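The values are calculated or read from the model by the stated rules, or taken from the named source; none is laboratory data. All values reported here derive from a predicted model rather than from experimental measurement. Methodologically, a virtual Cβ is constructed for each residue, glycine included, from the backbone with ideal geometry; neighbour enumeration extends over all protein chains shown. Ligands, DNA and RNA are excluded from the accessible area calculation, which covers all protein heavy atoms including side chains. Shrake-Rupley method; radii C 1.70, N 1.55, O 1.52, S 1.80 Å.
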Amino acid sequence: MRHLEQEFGESSNAIRVELNRLEAAGLLTAEMSGNRKYFSANTAHPLFDDINSILKKFVGIDQIIDRITSKVGDLEAAFITGDFAKGRDSQIIDLVLTGENLDRKYIHKLVEKAENIIGRKIRYLVLTAEQMMEVFKDKPRLLIWKADTEERKEGGH
């Protein structure tokens, strides 16, 4: 709550009221843990996809997806991990690319270009799907791109 107070320059009471309104509207879900209330986006809400798209554009994730997921090799999927996967804003975006025979030098160039466009640092890992599941099995991750299996069979993305 204190972080939101600082970020928005509003009182904790005003933020609490707004979070409760978003929960009442069904845009957020809440879970109690002890005396703390944790809010999450309601992915089942009919407006979730639209709001998520706006957020991705604001944060710059759409730029990352467009620049990194094409022409890098046999890319299977791209995930956001770390703070963004937990629903927290950050100046560092943690990106995990899964696939075989990925062009790491080209990925590095694309990441540098994307960083300049969005004004945020991107930390990235290149893993196989098996490594991804092993390393991030109990950690939050957000799938942001997945190869179409038909396109992969044909050799394109």
Matching residues, region 9-41, being under 20 Å from ASN52 (Cα atoms), touching a helix residue (DSSP H, G or I) at 6+ places or on another chain (Cβ under 9 Å) and touching a residue at least 12 places away in the same chain (Cβ under 8 Å): LEU19, LEU27, LEU28, THR29, PHE39, ALA41
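One line per residue, one yes/no per condition, for (1) at pLDDT 85 or above; (2) open to solvent by 70 Å² or more (accessible area, probe 1.4 Å):
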{"site": "LEU19", "(1), (2)": "yes, no"}
{"site": "MET32", "(1), (2)": "yes, yes"}
{"site": "THR43", "(1), (2)": "yes, yes"}
{"site": "ASP50", "(1), (2)": "no, yes"}
Please list, ordered by first then second residue, the pairs with beta carbon atoms under 6 Å, 6 or more apart or interchain, first in region 83-108 and touching a residue at least 12 places away in the same chain (Cβ under 8 Å) and closer than 12 Å to ARG141 by Cβ, second assigned to a loop (DSSP other than H, G, I, E, B) and open to solvent by 20 Å² or more (accessible area, probe 1.4 Å). ALA85/PRO140; LYS86/PRO140
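Results for (1) under 19 Å from ASP83 (Cα atoms); (2) open to solvent by 40 Å² or more (accessible area, probe 1.4 Å); (3) of a type in the set (A, V, I, L, M, F, W, C), shown as yes or no for each residue.
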| position | (1), (2), (3) |
| --- | --- |
| GLU115 | yes, no, no |
| LEU125 | yes, yes, yes |
| GLN131 | no, yes, no |
| LYS139 | yes, yes, no |
| ALA147 | no, no, yes |
